[in-house]
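Single-structure report; data block below.
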Amino acid sequence: MLDDNTRYMTYALREAEKAFEAGEVPVGCVIIHKGEIIAKAHNLRETLNDPTAHAEVLAITQAANHLNSWRLEDTQLFVTLEPCSMCSGAIVLARIPKVYYGATDPKAGCAGSLMDILGDTRLNHQPEVETGLLAEPCGAILSQFFSQIRRKKRQNRNKIG
């Protein structure tokens, strides 16, 4: 039987799979409040033509609407990829106390990899962060997605040449 944190990250991974199927970068997010999933989302940047349509931002908006408050106290955020600067900023502003992420993002991660917005003591809120939860499957879906994109680009170049 899965522990609660693993179970919640599995739900986030399901959201990432939905993004993959839609041709979006496969990142998924769920937000938990008192043991209940109150928000779930996946990347929709391509679908919505919106650079802010990251899984975390969409889930934060859903959770705020659900709780009728921008303060997401007593919540936990589970996301398959380390949050970027925008999402980390939104997490801080929403006062989310606990963040779990799967795969690290050395090129854009702002929860300890590239920079550490979530741990920056100059800000008025620092969530507790747990890394590496289901890191292997969270990273694998991203690798598969980008491998598929590179393969399609090679095929298109070969057709032209």
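The values are calculated or read from the model by the stated rules, or taken from the named source; none is laboratory data. This one's a predicted model, so the numbers in the text were calculated from it and none came from an experiment. Quick reminder, even Gly has a Cβ in these numbers, built from the backbone with ideal geometry, and neighbours come from all protein chains shown. These accessible areas exclude ligands, DNA and RNA; they are computed on the full protein's heavy atoms, side chains included. Shrake-Rupley method; radii C 1.70, N 1.55, O 1.52, S 1.80 Å.
Structure values in brief
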item	result
Among the residues listed as Ile141, Ile60, the single one being in contact (Cβ under 8 Å) with a residue 12 or more places away in the chain and within 20 Å of His33 (Cβ to Cβ)	Ile60
Those residues of the stretch 91-149 which are out of contact with any strand residue (DSSP E or B) (no Cβ under 8 Å at 6 or more places or on another chain) and within 16 Å of Ala12 (Cβ to Cβ), in sequence order	Glu136, Ala140, Phe145
Residues satisfying the stated conditions in the stretch 123-145, i.e. part of a helix (DSSP H, G or I) and open to solvent by 80 Å² or more (accessible area, probe 1.4 Å)	Glu136, Gln144
Helices (runs of 4 or more DSSP H) lying entirely in the stretch 37-108 (those with 3 or more residues that are at pLDDT 95 or above and open to solvent by less than 40 Å² (accessible area, probe 1.4 Å))	55-67, 85-93
